[in-house]
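Quick notes on the structure that follows.
The values are calculated or read from the model by the stated rules, or taken from the named source; none is laboratory data. Fair warning: this is a prediction, and the values are worked out from it, not measured in the lab. For neighbour counting, all protein chains shown are included, and Cβ atoms are generated from backbone atoms with ideal geometry for every residue, glycine included.
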(Lines give C-alpha, C1' and ligand atoms only; values in the text may rest on other atoms or scores of the structure.)
Protein backbone atom coordinates (compact mmCIF):
# COMPACT_ATOMS: atom_id res chain seq x y z
CA UNK A 1 0.00 0.00 0.00
CA UNK A 2 1.37 3.45 -0.83
CA UNK A 3 2.28 5.49 2.22
CA UNK A 4 -0.13 8.37 1.67
CA UNK A 5 -3.11 6.06 1.17
CA UNK A 6 -2.11 4.06 4.24
CA UNK A 7 -1.94 7.21 6.37
CA UNK A 8 -5.29 8.50 5.08
CA UNK A 9 -7.03 5.17 5.71
CA UNK A 10 -5.54 4.89 9.20
CA UNK A 11 -6.55 8.46 10.07
CA UNK A 12 -10.12 7.93 8.92
CA UNK A 13 -10.35 4.55 10.63
CA UNK A 14 -9.51 6.23 13.94
CA UNK A 15 -12.49 8.54 13.43
CA UNK A 16 -14.97 6.12 11.89
CA UNK A 17 -14.18 2.83 13.65
CA UNK A 18 -15.36 3.77 17.17
CA UNK A 19 -18.54 5.39 15.80
CA UNK A 20 -19.28 2.34 13.68
CA UNK A 21 -18.92 0.10 16.73
CA UNK A 22 -21.15 2.44 18.71
CA UNK A 23 -23.80 2.33 16.02
CA UNK A 24 -23.79 -1.48 15.85
CA UNK A 25 -23.96 -1.53 19.64
CA UNK A 26 -27.48 -0.11 19.34
CA UNK A 27 -28.73 -3.35 17.82
CA UNK A 28 -30.38 -5.95 20.01
CA UNK A 29 -28.02 -8.72 21.15
CA UNK A 30 -29.46 -11.31 18.73
CA UNK A 31 -28.31 -9.09 15.84
CA UNK A 32 -25.36 -7.33 17.45
CA UNK A 33 -23.27 -10.47 17.95
CA UNK A 34 -23.26 -11.61 14.30
CA UNK A 35 -22.83 -8.02 13.06
CA UNK A 36 -19.74 -7.58 15.24
CA UNK A 37 -18.46 -11.00 14.12
CA UNK A 38 -18.63 -9.77 10.53
CA UNK A 39 -16.98 -6.41 11.28
CA UNK A 40 -14.17 -8.04 13.26
CA UNK A 41 -13.09 -9.69 10.01
CA UNK A 42 -11.49 -6.39 9.12
CA UNK A 43 -11.49 -4.41 5.92
CA UNK A 44 -9.67 -1.37 4.62
CA UNK A 45 -12.48 1.10 5.28
CA UNK A 46 -12.06 2.79 1.90
CA UNK A 47 -15.66 4.00 1.71
CA UNK A 48 -15.57 5.53 5.16
CA UNK A 49 -12.27 7.20 4.35
CA UNK A 50 -13.67 8.73 1.18
CA UNK A 51 -16.51 10.25 3.19
CA UNK A 52 -14.33 11.95 5.80
CA UNK A 53 -11.80 13.07 3.20
CA UNK A 54 -14.64 14.50 1.10
CA UNK A 55 -15.70 16.61 4.07
CA UNK A 56 -12.16 17.80 4.68
CA UNK A 57 -11.70 18.62 1.00
CA UNK A 58 -14.47 21.23 1.31
CA UNK A 59 -12.46 23.19 3.90
CA UNK A 60 -14.46 21.58 6.67
CA UNK A 61 -13.62 19.42 9.67
CA UNK A 62 -13.16 15.75 8.77
CA UNK A 63 -15.48 14.90 11.65
CA UNK A 64 -18.37 16.47 9.70
CA UNK A 65 -18.19 13.51 7.34
CA UNK A 66 -18.21 10.81 10.04
CA UNK A 67 -22.01 10.25 10.13
CA UNK A 68 -21.95 9.73 6.37
CA UNK A 69 -18.91 7.47 6.66
CA UNK A 70 -20.62 5.28 9.26
CA UNK A 71 -23.81 5.10 7.21
CA UNK A 72 -21.97 4.12 4.02
CA UNK A 73 -19.94 1.47 5.85
CA UNK A 74 -23.13 0.01 7.33
CA UNK A 75 -24.68 -0.28 3.86
CA UNK A 76 -21.48 -1.73 2.41
CA UNK A 77 -21.30 -4.37 5.12
CA UNK A 78 -24.97 -5.26 4.81
CA UNK A 79 -24.33 -5.88 1.11
CA UNK A 80 -21.34 -8.12 1.90
CA UNK A 81 -23.38 -10.22 4.34
CA UNK A 82 -26.09 -10.71 1.72
CA UNK A 83 -23.55 -11.30 -1.08
CA UNK A 84 -22.05 -14.15 0.91
CA UNK A 85 -25.48 -15.80 1.04
CA UNK A 86 -26.10 -15.26 -2.67
CA UNK A 87 -22.66 -16.63 -3.61
CA UNK A 88 -22.81 -19.47 -1.07
CA UNK A 89 -19.45 -18.31 0.35
CA UNK A 90 -18.65 -19.91 3.68
CA UNK A 91 -15.57 -17.78 4.39
CA UNK A 92 -14.68 -14.11 4.16
CA UNK A 93 -11.16 -13.02 5.04
CA UNK A 94 -10.42 -16.55 6.30
CA UNK A 95 -13.29 -16.47 8.83
CA UNK A 96 -16.79 -18.00 8.72
CA UNK A 97 -19.31 -15.75 7.01
CA UNK A 98 -22.32 -14.66 9.01
CA UNK A 99 -24.69 -17.12 7.34
CA UNK A 100 -22.21 -20.00 7.73
CA UNK A 101 -21.86 -19.35 11.46
CA UNK A 102 -25.32 -18.12 12.43
CA UNK A 103 -27.61 -19.42 9.70
CA UNK A 104 -29.11 -17.90 6.56
CA UNK A 105 -32.21 -16.45 8.19
CA UNK A 106 -30.28 -14.63 10.89
CA UNK A 107 -27.75 -13.33 8.37
CA UNK A 108 -30.51 -11.87 6.19
CA UNK A 109 -32.03 -10.05 9.15
CA UNK A 110 -28.61 -8.78 10.32
CA UNK A 111 -28.01 -7.32 6.87
CA UNK A 112 -31.46 -5.73 6.89
CA UNK A 113 -30.78 -4.24 10.32
CA UNK A 114 -27.50 -2.65 9.19
CA UNK A 115 -29.17 -1.12 6.14
CA UNK A 116 -31.97 0.32 8.25
CA UNK A 117 -29.54 1.59 10.88
CA UNK A 118 -27.63 3.57 8.23
CA UNK A 119 -30.66 5.68 7.34
CA UNK A 120 -31.76 5.94 10.97
CA UNK A 121 -28.39 7.41 11.98
CA UNK A 122 -28.52 10.10 9.32
CA UNK A 123 -32.13 11.10 9.99
CA UNK A 124 -32.14 11.11 13.79
CA UNK A 125 -30.92 14.73 13.50
CA UNK A 126 -32.89 15.77 10.39
CA UNK A 127 -31.01 18.88 9.32
CA UNK A 128 -31.23 19.80 5.64
CA UNK A 129 -27.72 18.46 5.05
CA UNK A 130 -28.47 15.14 6.74
CA UNK A 131 -31.72 14.73 4.85
CA UNK A 132 -29.86 15.33 1.60
CA UNK A 133 -27.19 12.84 2.65
CA UNK A 134 -29.85 10.24 3.47
CA UNK A 135 -31.47 10.78 0.09
CA UNK A 136 -28.11 10.31 -1.64
CA UNK A 137 -27.45 7.11 0.31
CA UNK A 138 -30.94 5.74 -0.42
CA UNK A 139 -30.62 6.42 -4.16
CA UNK A 140 -27.14 4.89 -4.27
CA UNK A 141 -28.29 1.80 -2.38
CA UNK A 142 -31.11 1.33 -4.88
CA UNK A 143 -28.58 1.49 -7.74
CA UNK A 144 -26.34 -1.00 -5.94
CA UNK A 145 -29.26 -3.41 -5.50
CA UNK A 146 -30.19 -3.03 -9.16
CA UNK A 147 -26.61 -3.85 -10.14
CA UNK A 148 -26.67 -6.95 -7.94
CA UNK A 149 -29.94 -8.04 -9.55
CA UNK A 150 -28.42 -7.63 -13.01
CA UNK A 151 -25.37 -9.64 -11.97
CA UNK A 152 -27.60 -12.49 -10.78
CA UNK A 153 -29.67 -12.34 -13.98
CA UNK A 154 -26.50 -12.61 -16.09
CA UNK A 155 -25.83 -16.05 -14.57
CA UNK A 156 -28.84 -17.41 -16.45
CA UNK A 157 -27.70 -16.07 -19.82
CA UNK A 158 -25.30 -17.58 -22.32
CA UNK A 159 -23.65 -14.25 -23.17
CA UNK A 160 -23.70 -10.67 -21.89
CA UNK A 161 -22.69 -7.55 -23.82
CA UNK A 162 -19.76 -5.46 -22.61
CA UNK A 163 -21.95 -2.36 -22.21
CA UNK A 164 -24.45 -4.34 -20.15
CA UNK A 165 -21.60 -5.59 -17.98
CA UNK A 166 -20.25 -2.08 -17.44
CA UNK A 167 -23.71 -0.78 -16.52
CA UNK A 168 -24.10 -3.58 -14.00
CA UNK A 169 -20.71 -2.79 -12.47
CA UNK A 170 -21.53 0.92 -12.26
CA UNK A 171 -24.44 -0.04 -10.03
CA UNK A 172 -23.04 -2.93 -8.05
CA UNK A 173 -19.63 -1.36 -7.32
CA UNK A 174 -19.60 2.23 -8.50
CA UNK A 175 -22.80 3.55 -6.93
CA UNK A 176 -21.76 3.19 -3.29
CA UNK A 177 -18.21 4.43 -3.95
CA UNK A 178 -19.76 7.45 -5.65
CA UNK A 179 -21.98 8.04 -2.62
CA UNK A 180 -19.05 7.61 -0.23
CA UNK A 181 -17.00 10.18 -2.11
CA UNK A 182 -19.79 12.78 -2.18
CA UNK A 183 -21.63 12.30 1.11
CA UNK A 184 -18.97 13.97 3.25
CA UNK A 185 -19.11 17.05 1.04
CA UNK A 186 -22.91 17.08 1.40
CA UNK A 187 -22.63 16.99 5.18
CA UNK A 188 -19.91 19.66 5.13
CA UNK A 189 -22.04 22.03 3.04
CA UNK A 190 -20.02 21.77 -0.14
CA UNK A 191 -21.35 23.42 -3.28
CA UNK A 192 -23.18 21.43 -5.95
CA UNK A 193 -20.26 21.43 -8.39
CA UNK A 194 -17.91 19.96 -5.79
CA UNK A 195 -20.43 17.33 -4.70
CA UNK A 196 -21.01 16.32 -8.32
CA UNK A 197 -17.27 16.13 -9.06
CA UNK A 198 -16.63 13.96 -6.01
CA UNK A 199 -19.51 11.69 -7.00
CA UNK A 200 -18.05 11.26 -10.49
CA UNK A 201 -14.66 10.55 -8.94
CA UNK A 202 -16.08 7.74 -6.81
CA UNK A 203 -18.10 6.26 -9.67
CA UNK A 204 -15.11 6.13 -12.01
CA UNK A 205 -12.83 4.74 -9.30
CA UNK A 206 -15.47 2.04 -8.82
CA UNK A 207 -15.39 1.14 -12.52
CA UNK A 208 -11.57 1.04 -12.52
CA UNK A 209 -11.54 -1.07 -9.37
CA UNK A 210 -14.04 -3.57 -10.77
CA UNK A 211 -12.25 -3.81 -14.11
CA UNK A 212 -9.00 -4.69 -12.34
CA UNK A 213 -10.88 -7.12 -10.11
CA UNK A 214 -12.34 -8.81 -13.20
CA UNK A 215 -8.83 -9.26 -14.63
CA UNK A 216 -7.62 -10.73 -11.34
CA UNK A 217 -10.62 -13.07 -11.35
CA UNK A 218 -9.11 -14.79 -14.38
CA UNK A 219 -5.39 -14.03 -14.35
CA UNK A 220 -4.75 -13.22 -10.68
CA UNK A 221 -2.40 -15.23 -8.49
CA UNK A 222 -4.05 -17.09 -5.60
CA UNK A 223 -1.63 -15.43 -3.18
CA UNK A 224 -3.04 -12.05 -4.21
CA UNK A 225 -6.71 -12.89 -4.73
CA UNK A 226 -7.17 -15.62 -2.12
CA UNK A 227 -9.04 -17.60 -4.78
CA UNK A 228 -8.04 -20.38 -7.21
CA UNK A 229 -6.49 -19.43 -10.55
CA UNK A 230 -9.29 -18.58 -12.96
CA UNK A 231 -11.91 -18.53 -10.20
CA UNK A 232 -14.35 -16.47 -12.28
CA UNK A 233 -14.13 -19.02 -15.10
CA UNK A 234 -14.70 -21.93 -12.73
CA UNK A 235 -17.90 -20.29 -11.51
CA UNK A 236 -18.89 -19.26 -15.08
CA UNK A 237 -19.12 -15.62 -14.04
CA UNK A 238 -20.06 -13.17 -16.81
CA UNK A 239 -17.25 -10.72 -16.05
CA UNK A 240 -16.09 -7.91 -18.34
CA UNK A 241 -13.20 -9.86 -19.98
CA UNK A 242 -15.57 -12.72 -20.75
CA UNK A 243 -18.19 -10.36 -22.22
CA UNK A 244 -15.62 -8.70 -24.48
CA UNK A 245 -14.09 -12.03 -25.50
CA UNK A 246 -17.46 -13.56 -26.34
CA UNK A 247 -18.24 -10.65 -28.66
CA UNK A 248 -14.94 -11.23 -30.51
CA UNK A 249 -14.48 -14.99 -30.23
CA UNK A 250 -16.17 -17.89 -31.95
CA UNK A 251 -17.50 -21.35 -31.31
CA UNK A 252 -14.17 -22.65 -30.00
CA UNK A 253 -14.22 -20.06 -27.20
CA UNK A 254 -17.86 -20.79 -26.38
CA UNK A 255 -17.17 -24.51 -26.11
CA UNK A 256 -14.14 -23.85 -23.90
CA UNK A 257 -16.12 -21.57 -21.55
CA UNK A 258 -18.97 -24.07 -21.29
CA UNK A 259 -16.54 -26.91 -20.55
CA UNK A 260 -14.58 -25.24 -17.72
CA UNK A 261 -14.49 -27.61 -14.76
CA UNK A 262 -10.80 -28.24 -14.04
CA UNK A 263 -7.48 -26.42 -13.99
CA UNK A 264 -6.67 -27.62 -17.50
CA UNK A 265 -10.01 -26.30 -18.76
CA UNK A 266 -9.27 -22.94 -17.13
CA UNK A 267 -5.90 -22.71 -18.86
CA UNK A 268 -7.43 -23.34 -22.30
CA UNK A 269 -10.31 -20.90 -21.79
CA UNK A 270 -7.89 -18.27 -20.44
CA UNK A 271 -5.66 -18.66 -23.51
CA UNK A 272 -8.58 -18.17 -25.87
CA UNK A 273 -9.90 -15.14 -23.96
CA UNK A 274 -6.49 -13.49 -23.98
CA UNK A 275 -6.12 -14.16 -27.70
CA UNK A 276 -9.14 -11.90 -28.33
CA UNK A 277 -7.37 -8.95 -26.69
CA UNK A 278 -9.99 -8.85 -23.92
CA UNK A 279 -7.45 -8.61 -21.10
CA UNK A 280 -5.74 -5.58 -22.63
CA UNK A 281 -9.10 -3.95 -23.38
CA UNK A 282 -10.30 -4.33 -19.79
CA UNK A 283 -7.09 -2.83 -18.44
CA UNK A 284 -7.50 0.05 -20.89
CA UNK A 285 -11.03 0.57 -19.51
CA UNK A 286 -9.56 0.65 -15.98
CA UNK A 287 -6.92 3.19 -17.00
CA UNK A 288 -9.48 5.44 -18.71
CA UNK A 289 -11.81 5.30 -15.73
CA UNK A 290 -9.00 6.17 -13.33
CA UNK A 291 -7.96 9.12 -15.52
CA UNK A 292 -11.56 10.35 -15.58
CA UNK A 293 -11.76 10.07 -11.79
CA UNK A 294 -8.65 12.18 -11.33
CA UNK A 295 -9.84 14.68 -13.93
CA UNK A 296 -13.09 15.12 -12.01
CA UNK A 297 -11.41 16.15 -8.75
CA UNK A 298 -8.99 18.32 -10.68
CA UNK A 299 -11.91 20.35 -12.06
CA UNK A 300 -13.07 21.86 -8.74
CA UNK A 301 -11.31 23.69 -5.90
CA UNK A 302 -10.44 21.29 -3.09
CA UNK A 303 -8.06 21.57 -0.15
CA UNK A 304 -4.80 20.34 -1.67
CA UNK A 305 -3.83 17.80 0.97
CA UNK A 306 -7.21 16.11 0.74
CA UNK A 307 -7.09 16.08 -3.04
CA UNK A 308 -3.73 14.31 -2.73
CA UNK A 309 -5.31 11.78 -0.33
CA UNK A 310 -8.03 11.05 -2.87
CA UNK A 311 -5.48 10.55 -5.63
CA UNK A 312 -3.46 8.18 -3.43
CA UNK A 313 -6.52 6.10 -2.50
CA UNK A 314 -7.65 5.94 -6.13
CA UNK A 315 -4.28 4.53 -7.17
CA UNK A 316 -4.27 2.14 -4.23
CA UNK A 317 -7.63 0.51 -4.97
CA UNK A 318 -7.00 0.23 -8.74
CA UNK A 319 -3.42 -1.03 -8.84
CA UNK A 320 -3.62 -4.35 -7.01
CA UNK A 321 -0.78 -6.33 -8.59
CA UNK A 322 -1.77 -5.44 -12.13
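Within region 85-99, the set of residues being touching a residue at least 60 places away in the same chain (Cβ under 8 Å) and within 14 Å of residue 36 (Cα to Cα) comprises 98 only. The residues of region 192-225 that are part of a loop (DSSP other than H, G, I, E, B) and either surrounded by 18 or more Cβ atoms within 10 Å (Cβ to Cβ) or free of Cβ contacts under 8 Å to residues at least 12 places away in the same chain (or both) amount to a single one, 220.
Could you list all residues from region 79-114 that are closer than 20 Å to residue 183 by Cα and buried (at least 23 other Cβ atoms within 10 Å of the Cβ)? It would help to see each step written out before you state the result.
Here is the first cut: in region 79-114, the residues closer than 20 Å to residue 183 by Cα are 79, 114.
Selection gives 114 alone.
For region 65-74, the count of residues that are surrounded by fewer than 17 Cβ atoms within 10 Å (Cβ to Cβ) and either part of a helix (DSSP H, G or I) or free of Cβ contacts under 8 Å to residues at least 24 places away in the same chain (or both) is zero.
Against the test of being closer than 18 Å to residue 50 by Cβ and touching a residue at least 12 places away in the same chain (Cβ under 8 Å), the options 313, 244 yield a single qualifying residue, 313.
Here is the figure for region 33-48: residues that are in a helix (DSSP H, G or I) and either within 29 Å of residue 201 (Cα to Cα) or touching a strand residue (DSSP E or B) at 6+ places or on another chain (Cβ under 7 Å) (or both) total 5.
Can you confirm whether residue 149 is without any contact (Cβ under 8 Å) to a residue 24 or more places away in the chain, over 30 Å from residue 62 (Cβ atoms) and either part of a helix (DSSP H, G or I) or over 14 Å from the mean Cα position of the chain (by Cα) (or both)? So residue 149 passes the test. Would you be able to tell me the number of residues in region 10-32 that are more than 13 Å from residue 66 (Cα to Cα), in a helix (DSSP H, G or I) and either under 19 Å from the mean Cα position of the chain (by Cα) or in contact (Cβ under 8 Å) with a residue 24 or more places away in the chain (or both)? Residues in region 10-32 being more than 13 Å from residue 66 (Cα to Cα), in a helix (DSSP H, G or I) and either under 19 Å from the mean Cα position of the chain (by Cα) or in contact (Cβ under 8 Å) with a residue 24 or more places away in the chain (or both): 4 in total. Does residue 130 fit the bill of being closer than 24 Å to residue 27 by Cα, part of a helix (DSSP H, G or I), in contact with a helix residue (DSSP H, G or I) (Cβ under 7 Å, 6 or more places away or on another chain) and in contact (Cβ under 8 Å) with a residue 24 or more places away in the chain? In short, yes. The single condition among (1) closer than 28 Å to residue 317 by Cβ; (2) part of a helix (DSSP H, G or I); (3) more than 20 Å from the chain's Cα centre (by Cα); (4) at pLDDT below 90 that residue 232 does not satisfy is (3).
With the checklist (1) under 30 Å from residue 68 (Cα atoms); (2) over 19 Å from the mean Cα position of the chain (by Cα); (3) at pLDDT below 95 in hand, flag the one item residue 295 doesn't pass. Single failed check for residue 295: (3).
Would you say residue 282 is closer than 17 Å to residue 205 by Cα, crowded, with 20+ Cβ neighbours inside 10 Å and in contact with a helix residue (DSSP H, G or I) (Cβ under 6 Å, 6 or more places away or on another chain)? Working first, answer last.
On the way: closer than 17 Å to residue 205 by Cα: yes; crowded, with 20+ Cβ neighbours inside 10 Å: yes; in contact with a helix residue (DSSP H, G or I) (Cβ under 6 Å, 6 or more places away or on another chain): yes.
Considered against the rule, which asks whether it is closer than 17 Å to residue 205 by Cα, crowded, with 20+ Cβ neighbours inside 10 Å and in contact with a helix residue (DSSP H, G or I) (Cβ under 6 Å, 6 or more places away or on another chain), residue 282 comes out as yes.
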